[in-house]
Amino acid sequence: MTFPDPTTIFTRSWSLYDLLTEYNYMYHREIYAGIEDLLRLRDDQGQYHLLDLGCGNARYLAPCLRRLPPATYEGVDLSEAALAEAREYLAELPSQVTLTLGDLLKAVESTGKTWDVLFTGFAIHHLMPDDKKRFFRAAGRCLSDKGWLILVDVLREENQDRENYLDGYLKFMRETWTKVPQDQLEEACAHVRDHDYPESLSTLREMASETGLNSIRLISRFAQHHTLLFSRSALAKG
């Protein structure tokens, strides 16, 4: 079986993805409201350092960060078009902003900095299992002692195989993404069929715990779309 090279994902499909977020078909508005609430719990406001892996155009994270700004923000993405838009969305951020064209896995593995927040949205499910393990190992290495990995992504149910997951998600797309032109909808379905390899929650928990990220908290779930918080110790109830 030939697996997709992560560096090919979404490099030609950014405009379609942005259209889907405009219609909120993947619950971005609700998800990022929860992320803002989560960031508000940090006790290092204005001083934390955030690495955004697969940042896209940062359209939904940028408003959160304007209200809860980090000291530094670095975004990494494979799409030049997305990064150009991100530069505009992040222009008012009172932080040091760096945007880098590149692969998220290579970026997190090669960073020599320590980060307080690693954020990634709808990107890790494109990686194969061994690369997901590499991702968690790198995250565990470069996070500060009280650092957070915030992961927004699609997940499979426990004991659900990839084919059954895909059948269900494609059905969800075709039944609910009604404002997407038919040709673009089929392009999106083909993308999911060819490139989506989501894991179950228990698999991600195991991968993370092997790297010292022993605490995992479900922040939100909207259909198959989850927000997870990984850290070395449990987050105190706010």
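Nothing in this text is a laboratory measurement; each read-out follows from the coordinates by a stated rule. Computed from a predicted model, the values in this text were never measured in an experiment. Every residue, glycine among them, receives a Cβ derived from its backbone with ideal geometry; neighbour counts consider all protein chains shown.
A few comments on the model shown:
- Peptides ranked, highest mean first, by Cβ atoms within 10 Å: ranges 104-116, 161-173, 58-70: 58-70, 104-116, 161-173
- 13 Å beta-carbon shell around Cys189, net charge (K/R +1, D/E -1): -4
- Charge tally for Glu163 (other residues, Cβ to Cβ under 15 Å; Lys, Arg +1; Asp, Glu -1): -2.
- Three-way shape label, the range 27-117, alpha-carbon gyration tensor, a/c 1.5: oblate
- Contour minus Cα-Cα distance for Asp194 and Ala223 (0.36 nm per residue): 8.4 nm
- Taking a ≥ b ≥ c as the square roots of the eigenvalues of the alpha-carbon gyration tensor, the range 137-238 is classed prolate because a/c is 1.5 or more and a/b outweighs b/c.
- Distance cut-off 31 Å, percentage of C-alpha pairs in the range 6-231 lying past it: 15
- 5 angstrom amide H check on Cys55, placed H, neighbours 5+ away: Val76, Asp77
- Length available on full extension from Asp131 to Lys106: 0.36 nm per residue minus the Cα-Cα distance, which gives 8.0 nm.
- Mean Cα-pair separation over length for the chain, i.e. relative contact order, pairs under 8 Å, 6 or more apart, %: 19
- Under 17 Å of direct C-alpha separation, and excluding same-chain neighbours fewer than eight residues apart, Lys179 reaches these aspartates and glutamates: Asp18, Glu22, Glu187.
- Net charge of Cβ neighbours under 13 Å - reference Met26; Lys, Arg +1; Asp, Glu -1: -2
- Each of Leu127, Gly147, Tyr27 was placed along the dipole of the chain (beta-carbon charges, centred on the mean Cα), and the one lying farthest toward the positive end is Gly147.
- Measuring between alpha carbons in the structure, the pairs from Lys133/Lys171; Lys113/Lys146; Lys113/Lys133 lying more than 23 angstrom apart are Lys133/Lys171.
- Separation of the Ser233 and Ser144 label points, Cα + 7 Å toward Cβ, nm: 1.5
- In the chain, the DSSP-assigned H stretches of four residues or longer account for a calculated mean residue ellipticity at 222 nm of -12500 deg cm²/dmol, using -39500 (n - 2.57) per stretch and the full residue count as denominator.
- Fraction of beta bridges assigned by DSSP in the chain that are antiparallel (%, nearest 5): 35
- Net charge dipole size for the chain [Lys, Arg +1 and Asp, Glu -1 on Cβ; Debye, nearest 20]: 740
- Cα gyration tensor category, rounded, prolate or oblate, for the range 91-197 with a/c compared to 1.5: prolate
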